[in-house]
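Peer 1: One structure, as structure tokens, below. Some questions next.
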Amino acid sequence: MIPYGRHEISQADVDTVIDVLQNRFLTQGAQVPAFEETVAEYCGAGQGVAVNSATSALHIACLALGLGKGDWLWTSPLTFVASANCGLYCGAQVDFVDVDAASWNMCPEKLEQKLIKAEVEGRLPKVVVPVHLRGEPCDMAAIGALAKRFGFKVIEDASHAIGGSYAGQKIGACVHSDITVFSFHPVKIVTTAEGGMAMTNSNELASRMGLFRSHGITRDPGLMQGESDGAWYYQQVELGYNYRLTELQAALGISQMQRLDEFITKRHALSDRYDTRLSGLPLALPTRAKGNHSGLHLYPVRLQLGKISPSHAQVFDRMRAAGIGVNLHYIPVHLQPYYKAMGFKKGDFPEAERYYAEALTLPLFPGLTGDEQDEVVAALTAAMAL
Ligand SMILES: *Cc1c(COP(=O)(O)O)cnc(C)c1O
């Protein structure tokens, strides 16, 4: 089976992890700060806070921004459930903004309309989480302008987008947002097995996220109440968690970061090749906006079901039967039973639902060969026929 995504581990990656295992601290040593610095420097952010997953990063980002009971978090329905769940973890309520028909990302016009209505009703969101689906940057200038006008905070879910750029600035630079979150799960662009990082240009947000990452405990006298009892002293000043990344993972991350640009270049070459080879088929292909550079985590296509006889599910099943590990990113979050129980229903976000009815994610990862890619194209051509 050709998978839809696959990580790439080099001998240098292996060597660096073994070195940590044999010679260094396993947790809370120098590798995590070095990894944070590597990623912050790469994307031009002030600081990074490394954690054990992007889900944890989204959670501490929401906590640091003060999201809580009585607040609203809005995100895109076309995302992994974690982009929405982070709001629920904080006791906030979650709502969605439908996607744009062309980019499949959160639509700024629909966001504006929803904000105008919410302002009248006194239900403005505290936090909005745009998701750079497949790595293609959202319209961050428009979302950032709305954040200023309506007074909400922005967390970019850039789990798909490390290595990409928006209007000449690397994703993660937080030009139009407060915090940007990356995932290092193995199917993503660079991996630490499990892992994530929250980028910010605010020292205060970085410091608060650092607290929530590790039990809400500080050894910084500046953050303590009252006097220190002595050199052994620490205080718990918030209710935090244990979301720490290990030294082994951080070392792997530093090593992987050396190949990030190479990974992105390969993803672009493969996507260009798909674009050419699939252009004659009854498909809508993923677009890339001029002026931006996509991280190209995913290559989803949309079937033009009016032009073919097999159904969406039939094409999916035929691809799997042909050994192509297609996938579907994503089932709109509001249609998950857990969210339906809150009152969401089919028809609430029609553009996301139309996408879901037609989409198919084709294999895309740096190690995908030309022959394998031709196999995918041939299988898709056959799957859509008769
Ligand atoms: C993968 C992913 C996450 C969660 O990442 P983890 O590191 O697995 O917690 C969140 N949001 C999006 C859009 C993702 O693709």
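Peer 1: Anything in the stretch 83-103 that is open to solvent by 10 Å² or more (accessible area, probe 1.4 Å), within 16 Å of the ligand (Cβ to nearest atom) and among the small types (Gly, Ala, Ser)? List them, or say none.
Peer 2: If the condition is that a residue be open to solvent by 10 Å² or more (accessible area, probe 1.4 Å), within 16 Å of the ligand (Cβ to nearest atom) and among the small types (Gly, Ala, Ser), then 103 is the only one that fits.
Peer 1: With respect to residue 158, determine if the residue is within 27 Å of residue 251 (Cβ to Cβ), away from the ligand (no atom under 12 Å from the Cβ) and modelled with pLDDT of 95 or more.
Peer 2: no
Peer 1: Going through the stretch 261-316 one residue at a time, which ones are closer than 16 Å to residue 170 by Cβ and touching a Ser or Thr at 6+ places or on another chain (Cβ under 6 Å)?
Peer 2: Scanning the stretch 261-316 gives 293, 296.
Peer 1: Inspect the stretch 332-354 for any residue being within 15 Å of the ligand (Cβ to nearest atom) and free of Cβ contacts under 8 Å to residues at least 60 places away in the same chain and give the result as yes or no.
Peer 2: No - not one qualifying residue is present in the stretch 332-354.
Peer 1: Take the residues in the stretch 118-137 that are hydrophobic (A, V, I, L, M, F, W, C), away from the ligand (no atom under 12 Å from the Cβ) and not in a strand (DSSP E or B), then tell me which one is nearest to the chain's Cα centre (by Cα).
Peer 2: 124
Each row is one residue, and each column tells you yes or no for (1) more than 15 Å from residue 349 (Cβ to Cβ); (2) open to solvent by 10 Å² or more (accessible area, probe 1.4 Å); (3) not in a helix (DSSP H, G or I).
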residue: 62; (1), (2), (3): yes, no, no
residue: 66; (1), (2), (3): yes, yes, yes
residue: 70; (1), (2), (3): yes, yes, yes
residue: 78; (1), (2), (3): no, no, yes
residue: 112; (1), (2), (3): yes, yes, no
residue: 141; (1), (2), (3): yes, yes, no
residue: 154; (1), (2), (3): yes, no, yes
residue: 162; (1), (2), (3): yes, no, yes
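Peer 1: Now, a different point. For the condition within 16 Å of the ligand (Cβ to nearest atom) and at pLDDT 95 or above, what is the one hit in 202, 165, 183?
Peer 2: 183
Peer 1: Return the residues of the stretch 355-380 that are farther than 24 Å from residue 310 by Cβ and touching a residue at least 60 places away in the same chain (Cβ under 8 Å); say none if nothing qualifies.
Peer 2: Hits for the stretch 355-380 are 365, 366, 367, 368, 370.
The values are calculated or read from the model by the stated rules, or taken from the named source; none is laboratory data. What you see is a predicted model, and the numbers here were worked out from it, not measured in a lab. FYI the Cβ positions are ideal-geometry reconstructions off the backbone, even for glycines, and counts take in every protein chain you see. Just so you know, the surface numbers come from the protein's heavy atoms only, side chains and all, with ligands and any DNA or RNA stripped out. Shrake-Rupley method; radii C 1.70, N 1.55, O 1.52, S 1.80 Å.
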